[in-house]
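**Student:** Got a structure for you, written out below as structure tokens; questions coming shortly.
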Amino acid sequence: MNNGNAPCVLIIEDEPEIRDIVQIFLKNEGCLVLEAEDGEQGLELLQKHPVDLIILDVMMPRLDGIQTCIKIRETNNIPIIMLSAKNEDMDKILGLTSGADDYLSKPFNPLELVARVKSQLRRSKMTEAAGSLQQVITIGDLTVNIPRHQVTLSGKEIPLTPLEFGILELLGTHRGQVFSVDKIYETIWKEPVMQSDKTVMVHIRNIREKLQDHPRDSKYIKTVWGVGYKID
């Protein structure tokens, strides 16, 4: 966190009215706020300033939110909340697949966005605190180093987003236990499931792709059909 306990949030959004509203609500919650009007400007700010969370619009000039998210994920695991005027399932899946941790459709209630920001920051802080446990999980040739927030496969580091790491840590520290989609969501996102969606399944799919772990012949994350997921 920056400036004591004040988290820094980077808003990447081309509509100044939305940036103004969001920054007012965030500052009222004690956040430091940086603003960018497109992806390229946002990436420049990210290189110059320590940031705890990013609010990222999808539809922007020059560099859109999807491409910006992909570029951020090449080097950084900062929590990302994506904003979009679209509300189709495939658009949400595309946003989450590109590396976003959460997705909110426009128009949105600023209070809901603030609640999601708090949830992501709280989860991120708890992940950092877990470093004091000095715990390393080994699953075959897969190693999950909780203190370092690092995953390696056959000695090669695998970049996971904070939520992907949280899911893998949850399943890995409870070997053999089956977790339902709702239970995973409530445990990792630290909030109740409001409606059934594909958020957890998309994150599981992302983890599997990065680990080259095919669901039909899984070495790591097993699907228990009709129940949930587990790691043996």
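Here is a yes/no grid of residues against (1) surrounded by fewer than 13 Cβ atoms within 10 Å (Cβ to Cβ); (2) outside the structural domain of Arg73 (by TED's automatic domain parsing); (3) in contact with a Lys or Arg (Cβ under 8 Å, 6 or more places away or on another chain):
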| position | (1), (2), (3) |
| --- | --- |
| Pro159 | no, yes, yes |
| Phe165 | no, yes, no |
| Lys198 | no, yes, yes |
| Arg205 | no, yes, no |
| Arg208 | no, yes, no |
| Gln212 | yes, yes, no |
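**Student:** Then there's this: Go through (1) at pLDDT 90 or above; (2) over 30 Å from Val22 (Cβ atoms); (3) in a loop (DSSP other than H, G, I, E, B) for Thr152 and report which single condition fails.
**Tutor:** Answer for Thr152: the failing condition is (3).
**Student:** Only one of (1) surrounded by 16 or more Cβ atoms within 10 Å (Cβ to Cβ); (2) outside any strand (DSSP E or B) is not met by Lys230, so which one is it?
**Tutor:** All conditions are met except number (2).
**Student:** Is it the case, given these coordinates, that Ile221 is aliphatic (A, V, I, L, M) and either in contact with a strand residue (DSSP E or B) (Cβ under 7 Å, 6 or more places away or on another chain) or within 16 Å of Leu142 (Cα to Cα) (or both)?
**Tutor:** yes
**Student:** Kindly indicate whether any position in the stretch 63-72 is closer than 25 Å to Arg148 by Cβ, in a strand (DSSP E or B) and assigned by TED's automatic domain parsing to the domain that holds Gln47.
**Tutor:** no
**Student:** Kindly indicate whether Gly95 is touching a strand residue (DSSP E or B) at 6+ places or on another chain (Cβ under 8 Å) and either under 22 Å from Pro7 (Cα atoms) or in the same structural domain as Met201 (by TED's automatic domain parsing) (or both).
**Tutor:** Here the answer is no, as Gly95 does not meet what is asked.
Condition check ((1) within 28 Å of Met82 (Cα to Cα); (2) part of a loop (DSSP other than H, G, I, E, B); (3) of a type outside the set (Asp, Glu)) across all residues:
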residue: Pro159; (1), (2), (3): yes, yes, yes
residue: Phe165; (1), (2), (3): yes, no, yes
residue: Glu169; (1), (2), (3): yes, no, no
residue: Lys183; (1), (2), (3): yes, no, yes
residue: Met194; (1), (2), (3): yes, yes, yes
residue: His203; (1), (2), (3): yes, no, yes
residue: Lys210; (1), (2), (3): yes, no, yes
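The values are calculated or read from the model by the stated rules, or taken from the named source; none is laboratory data. Computed from a prediction, not measured in an experiment: that's the story for all the values here. Positions of Cβ are generated from backbone atoms using ideal geometry, with glycine treated the same way; all protein chains shown enter the neighbour counts.
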